[in-house]
Each structure stands twice: as C-alpha cells, then as structure tokens.
Amino acid sequence: MNPLRAAFREYYALRSRSIFVPRIDLREIMVVTFDGTVIRHVSVKNLESLRAMLAREAPRHAYYSVGLYERPAAKFMAEKGLKGAEVLFDIDADHLGVDECDYGLAWRCKSCGESGDGVPPDACPKCGSRDLERLDWLSEGCLEAAKREAIRLLEILESDLGVSGDELMVYYTGHRGYHVRILSERFLGLGKEERRELASHVSGLSFDPEEVFYVKGSVLTTPRVDEGGWRGRIAKEMLQLLEESGGGKTALPSSVAKRRGELVRALKEGVPLINPTRALVRDLRRMAEEIVQARRVRIDEMVTPDTSRLTRIPNSLHGKTGLRAMALSPDELRDFQPLGDAVGLSNDQIRVFTTAPVPRFRVKGEYFGPYEPGVGVDLPMFAAALILLKGRGVIP
Amino acid sequence: MEELDPALASRYPFTSLGERLIESEGLTEEDLAYDPLLEQSRRHARGRLLSAVSGGLYLDDLYLPPLDAVATYLIVRLVSSWIGDPFLNRLVAEHESKRFHRLARDEPIHILAWLGGELGAAIRPDGERAWIDISSYLRAAAGLGGPKWRLANRDVRSGQVLVGRRELARLLQELLRAHLLEPTPCPSLSPPLRAIGTEVIRRLEERKASIQSSGPSRQTLPPCIEKLVEKAERGENMSHQERFTLAAYLLKVGWSVDRVVDLFRSAPDFKERVARYQVSHIAKRGYNPPNCETLRSWGICVEDCGVKSPLSYGRRGRRRR
C-alpha cells in the first residue's frame, strides 16, 4: 500500500473516536479514495459504521452533507427527501486577497517536469508547453487571516442571529480555510433565497448606506448605538470616531466635524438632523461604507445558499495536506494554530524525492526546507505528507 | 393576550379561529356544495377564483359573517387543490395574500402579532413596532425587492428583526403566500363545486393561451438569464432584482418592449400597465444589466461561465460561431 495511505489508515485506526458527525443517519457521505475514485451517496446508520468505513477505506477525502435527508443514499437530489439543511459559511483564504497566501507559490510543467518559484509563466521556459500546474502552499500568515474572518463571523452570528455555543459548529478545513455551520433547528428549514440573504448580510454585500443614513426632505435619520446589526456597528464606531476627534486625534471630514454635537446626539439618542448639507450626507455614507468594508466577513457567497453542499467530516484528514479538519469550540478557535494543532499523522520517518521547489515551512514547531527540486530528504510523515499532497514530491 | 374577537375569523378565515368555527359547526364538503344557506359563499368563492385568474382583486365579500367567510375561503382552497395546477396555485396564493394585506395593513400591532403567530412567526410588539424572529423574517423578506428589506440595513439583534407596523403587514402577506403554496392533497368534489372548478379551468386555459411563448433562442443566453427566462415562463415569483436583470438584458440584446412584457405575462402578480411602464422605463433609460459581480451578490449567478457581464457572454458566443 502507498505509505501515505497507510499513514492515513493508521490515523483513522488510532483516532477514530474523534470522528463525530451529529445526526449521521440522515447525512449523505462522500469519499474520494487515493486512486481518485469518487464514492457518492453513501449512507451509514451510526457513527461506529462511519468510523469503521474510514479505517477500512482510508480515503484521501471524506465529506458529509449539510442536508439532512430521509433517503441519504438516493442517487438523485430530488429523491433524497430533504428534511432540512444546516446553514454553512465557507471562509477560504484564496478569497481574502492576502499577500501571505501566495507564500511558497510555485509551478511545474506537466509535459517536461520543469518547475520554478512564483506565478506560473505563460509557457514552460524549457519545453514551451502551456500546460503548467500552479502549486500553492500553506503559510501561517494566510491561515491567520482566515482565522480572523472566522472569529468576526462568529461575533456577527452571535450578536445578530443569536446563535452561539452548541448551536454552532466551527472547524478548520484542514487546508486554507474555515467552515461554520449553524446547527440550530430554527434555521434548518430556510430556503435558498433566505440563505443567500444571510450570506449577503454577514458579507455586507447587501448593505446600502442610503438606507442607514436616510434622507427624507430636509431630515437626516442616522443609525443609533443601541441598534443591532450593521446599523449598530456603524453607529458605535462613528460615535467613537466623533468622540476621539474631540481631542483632535482623528481627522474628520469638515462637513462632519462642523455638526459634531448634533451627530453625537443623533447616534446616541436618535434625534434626527435637520437640513444636512449634501457634503455631510455624502461623507457620512462614505464613512459607513468604509466601516462595513473593514468589518465585513469575506465568505464565499456561492456556498451558503446551496443546501446540497458537502463539507469535510470533522477530524477527518484533508487530502491536500494530511492535516485534520478539526472541529473547534469558539474559544479553541482563538488560540488555534493549524500547523501545530491540526497535525494528525505520525512522526515516522519517510524519504521524499522533491519534484518542485519546497519553501521553508514549520509544522509542529519544527522548521523544514527550503528544498530544491530533485533532492531526496528524510522527513517525519506529517511534514512529508504536505510535500507529497501538495504535488511537490514523490516517494521514490 | 386579551380574548380575540370571534369576528376576526371573517377577515382571517385561515387562522385557528376559522378552524375552530369549522369544527364547532361541523362544516363538511357536502355542506359547502349543497347547503342553500352557503349559496353566497359559493358565489363569492367563484368570484375570488376568477379574479385570481384574471389578475384582479375581489373585495365584494369583505364583510361576510364569520361562518360564510370561512366557507368561502374553504371553497376557494378546495377547488384550487382539486384543479391542482401549479400556475393556478400561484395565482390564487397571490390573490388571497394580496386580499389579506388589504385588510391587515390597517390592523393594530397586537392583531398583527397574533396573525404572525398563526402563520408560524414569533412576534413581540414593541410600541408601534414589533420584533419578528429572524427565520420568519427571512422567509418573508427574501423575495421582496428594495434595499430596505435587506437584513444588512435593519436593526437585527439576537435573532430578532425590528419592523414597523405596515412592514409587518407586508411580511405577513408573504408568509401567507408561502402557506398557501404548500402542497395540499387533491380532494374529491361534489358536482356544484366541480362546476366552479370547470369554469376556472376554462378561464385559466384562456389566460395561458394568451401568453405567447415568444421562445428566445436558448443557445445564446448566459446560464443566469436562461434560468430567469425559465422562472418567468413557469410563472414563479421573481424578486425585483431578477425581473430587472432579465428585462435589462433582453432589451439590450434587441428584444422589443412588447416581447419582454409578454415574457412576464405568466407572473402571478402580472399587471399589463405596471409591467409595461417598468419595462419601457428600463428601455428608455437604456440600463445595462448588472455585471457578474453584482449578479453574484444578488444570488442570480448560477455558474461561472467565464465572463464579466452577461452581455459579453452573448458576444463571445456569436464570435465563436
């Protein structure tokens, strides 16, 4: 057996107790094996069967549905009988536009095997082929950025939607992101449109400054600090800006500074402003927009509305890293270090032959690399897995 | 809450007050079909169904005694379930919920809170406004157009959304619509009610025939627009953004105002005058359909088809050929 698959199997044999899926009998399960076979529409009766299946198959990827079905094993979605679906939010570092996420980027030519650092060129400099593979990597800064989004998401879910604690399930995907599921009964029955609305709420996409700083005739109504949602967040942050600017520390647009006293009263007590200038309205709306931009949660909006999604089984191994898709409590999330805490594979030494440049990286507190392409290195399985699964090395 | 006036069943026959009345009176399908005292209920039910089909609003039976009002409502529902046509069901749901809104919009907040409870929402009055549980809010508001309904622009705290009295009535209209669209078993009907049904079917077929299927050429449509065309043809309820996107796109690719208006003819709330005004307005201003990023945020985008605006999809398609 492929030593990597053997390592996965060892993990599932030893750590099967940590595999946990609530209401498992109603879920669709999907696995992808090491030879690339996709097995869909699997249904298991209980956790024991799921754990046994993972230990037996040692799949490269293992997923379960957000949907709860009457017949999870039915081949077609329409036949499954959807009873409800958890609301899923997907945070993927690739969507964050963070420079750190390009750390260790490399490419390899699929025709001749030539490789190099950075963004893939248009054509292979050695053989001219245009069939080049983009190879990404994991970096701590990138994962940290994703974690910050997840923490902000949890804050919004708690304050606005009133979901917290055991109504939520948070997990690191095992790769470059986080998933948050709302388990609570009252959200299970939401349709596609409703889920979309939730997605555009947390991502601030449906925010409209003209609604929040609302002008009718000569009266400007502002949000108030005691309100909830984006209105409250904007009001609180603006009030803080206005109060700080009292000491001349923060520069406010002059239109805003001129009516500072009235604005403070509006934000605190809801007293509307009479005869606002056009510049004032424009500047306030722009400030509101900036606050939302800074605090919005950058989720993948296509994921949330889709009730037929599958995500990784908590504590299963990710087939692109060998890291655990770890279920976390909101408190655990704050101090969570994916490249340390989510390591699931063993320390057993294995020899890896690199086929592309490997950047310097740290797993479990230990530094590895950088390695040139075409060298053989002896590494613990958890570090070797990263190189192998990221397509930058082979077992000789 | 204080004791409810039983006369409310006359305005809101779908509630538990209505159900209790049916039970206490032992009302059966046979009574609805043959009882001479319920003749006016049969007449009004027919009027309501035909109004639904023609897109009107039937208000001749606003002040019936509770039992007659409940009977009328039951006949409307029985006959439409018997016909079992999804397009008719949407027309009836549109008509009945609009009729409901006409009555509910002037109710005091505590009556609206009670109605909300009847429709499965948890509503807590707060002065002249009320807090509605977020799931119900989403169910009701997700299909409504306009930025004021978007959650991001509202006071939302711990799973509750603050709404004004009029807004609440509007939300309840949507909840009632959804309730009416839930599938019902097909009943067997006695001849007098079947006769009403047959007449409704005839009018329904006439309306369907008047909707010319203008059949846009499907190959050149981007997937999002194709989806919208299908939705319009099936007469599904479409959000404001969806209607705008569809109209703006089709006008830009050369459809006439008439042809676009025809496409919307299946909509349950279709009004020739309103639709024509809106579509002509878009045509006159020459609005472009939103770009893909906006469509994605509105949830209209269905797949990544590799363009930045739905309009360039068509262009690329033409170039390829």
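The values are calculated or read from the model by the stated rules, or taken from the named source; none is laboratory data. Note that the structure is a prediction, hence the values are computed from the model and not measured. Glycine gets a Cβ as well: all are built from the backbone with ideal geometry, and neighbour counts include every protein chain shown.
Tell me, which residue of the range B:148-167 that is of a type in the set (V, I, T) and within 12 Å of another protein chain (Cβ to nearest Cβ) is farthest from the chain's Cα centre (by Cα)?
B:V156
Return the only residue of B:A45, B:A69, B:A52 being among the small types (G, A, S), buried (at least 18 other Cβ atoms within 10 Å of the Cβ) and within 18 Å of the chain's Cα centre (by Cα).
On the way: B:A45 fails: within 18 Å of the chain's Cα centre (by Cα); B:A69 fails: within 18 Å of the chain's Cα centre (by Cα).
Testing whether each residue is among the small types (G, A, S), buried (at least 18 other Cβ atoms within 10 Å of the Cβ) and within 18 Å of the chain's Cα centre (by Cα) leaves just B:A52.
In this structure, does A:V31 turn out to be aliphatic (A, V, I, L, M), without any contact (Cβ under 8 Å) to a residue 60 or more places away in the chain and buried (at least 17 other Cβ atoms within 10 Å of the Cβ)? Let's see the steps before the verdict.
On the way: aliphatic (A, V, I, L, M): yes; without any contact (Cβ under 8 Å) to a residue 60 or more places away in the chain: yes; buried (at least 17 other Cβ atoms within 10 Å of the Cβ): yes.
Against the criterion (aliphatic (A, V, I, L, M), without any contact (Cβ under 8 Å) to a residue 60 or more places away in the chain and buried (at least 17 other Cβ atoms within 10 Å of the Cβ)), A:V31 qualifies.
Of the residues A:A199, A:A235, which single one is at negative phi and in contact with a Lys or Arg (Cβ under 6 Å, 6 or more places away or on another chain)?
Answer to the selection: A:A235.
Kindly evaluate B:G145 against the criterion of being more than 9 Å from every other protein chain (Cβ to nearest Cβ) and within 17 Å of A:S206 (Cβ to Cβ). So that I can check it myself, show each step before the final result.
Details: more than 9 Å from every other protein chain (Cβ to nearest Cβ): yes; within 17 Å of A:S206 (Cβ to Cβ): yes.
Here the answer is yes, as B:G145 does meet what is asked.
Considering only residues of the range B:221-260 that are among the β-branched types (V, I, T) and under 20 Å from the mean Cα position of the chain (by Cα), which is farthest from the other protein chains (Cβ to nearest Cβ)?
Restricting to residues being among the β-branched types (V, I, T) and under 20 Å from the mean Cα position of the chain (by Cα), the top hit is B:V229.
Considering only the range B:168-202, how many residues are within 14 Å of chain A (Cβ to nearest Cβ) and either crowded, with 23+ Cβ neighbours inside 10 Å or closer than 22 Å to B:E242 by Cα (or both)?
Number of matching residues: 6.
Quick one: in the range A:268-310, of everything that is among the basic types (K, R), over 23 Å from the mean Cα position of the chain (by Cα) and closer than 23 Å to B:L151 by Cβ, which residue is nearest to the other protein chains (Cβ to nearest Cβ)?
Ranking the candidates gives A:R285 first.
Could you pull out every one of the strands (runs of 3 or more DSSP E) wholly within the range A:95-202 that has 1 or more residues that are closer than 21 Å to A:V358 by Cα and in contact with a Phe, Trp or Tyr (Cβ under 9 Å, 6 or more places away or on another chain)?
A:106-109, A:115-117, A:132-135
Looking for whichever is within 14 Å of chain B (Cβ to nearest Cβ), surrounded by fewer than 22 Cβ atoms within 10 Å (Cβ to Cβ), of a type in the set (K, R) and closer than 30 Å to B:M238 by Cα here; the options are A:R186, A:R224. Which one fits?
Working: A:R224 fails: closer than 30 Å to B:M238 by Cα.
On inspection, the qualifying residue turns out to be A:R186.
Could you tell me how many of the residues in the range A:196-210 are surrounded by fewer than 24 Cβ atoms within 10 Å (Cβ to Cβ), more than 7 Å from chain B (Cβ to nearest Cβ) and small (G, A, S)?
The total comes to 1.
Give the range A:1-30 a look and list any residue that's of a type in the set (K, R), part of a helix (DSSP H, G or I) and over 14 Å from A:R51 (Cβ atoms), or say none.
As a first pass, look at the range A:1-30 and keep what is of a type in the set (K, R): A:5, A:9, A:15, A:17, A:23, A:27.
From what is left, the residues that are part of a helix (DSSP H, G or I) are A:5, A:9, A:17.
Once the filter is applied, which keeps residues that are of a type in the set (K, R), part of a helix (DSSP H, G or I) and over 14 Å from A:R51 (Cβ atoms), the range A:1-30 yields only A:R5.
If you scan the range B:55-66, which residues turn out to be within 15 Å of the chain's Cα centre (by Cα) and without any contact (Cβ under 8 Å) to a residue 40 or more places away in the chain?
B:G56, the sole residue that qualifies.
If a residue has to be away from every other protein chain (no Cβ under 14 Å) and surrounded by fewer than 22 Cβ atoms within 10 Å (Cβ to Cβ) to count, how many in the range B:120-142 make the cut?
Going through the range B:120-142 one residue at a time, the tally reaches 2.
Need pairs with beta-carbon distance below 8 Å; first residue more than 11 Å from A:E114 (Cβ to Cβ) and within the range A:128-139, second modelled with pLDDT under 90 and crowded, with 19+ Cβ neighbours inside 10 Å; sequence gap 6+ or separate chains.
Final answer for the pair search is A:D136/A:C101; A:S139/A:C101.
Only residues that are free of Cβ contacts under 8 Å to residues at least 24 places away in the same chain and under 20 Å from the mean Cα position of the chain (by Cα): list them for the range A:103-127, please.
Those that are free of Cβ contacts under 8 Å to residues at least 24 places away in the same chain and under 20 Å from the mean Cα position of the chain (by Cα): none in the range A:103-127.
Out of the range B:174-200, which residues are touching a helix residue (DSSP H, G or I) at 6+ places or on another chain (Cβ under 6 Å) and outside any loop (DSSP other than H, G, I, E, B)?
The answer is B:E174, B:L175, B:L176, B:R177, B:L180, B:L181, B:P192, B:L193, B:I196, B:G197, B:V200.
Could you figure out which of (1) at positive phi; (2) assigned to a helix (DSSP H, G or I) isn't true of B:V260?
The one condition B:V260 does not meet is (1).
For the range A:73-84, check the following and say yes or no: at least one residue is crowded, with 22+ Cβ neighbours inside 10 Å and under 29 Å from A:A325 (Cα atoms).
yes
Can you give me the number of residues within the range B:297-313 that are within 14 Å of another protein chain (Cβ to nearest Cβ), under 19 Å from B:L250 (Cβ atoms) and free of Cβ contacts under 8 Å to residues at least 40 places away in the same chain?
Within the range B:297-313, the subset within 14 Å of another protein chain (Cβ to nearest Cβ) is B:297-305.
Right, trim to under 19 Å from B:L250 (Cβ atoms) and you get B:298, B:300-302, B:305.
Remaining after also requiring free of Cβ contacts under 8 Å to residues at least 40 places away in the same chain: none.
Total satisfying the criteria: 0.
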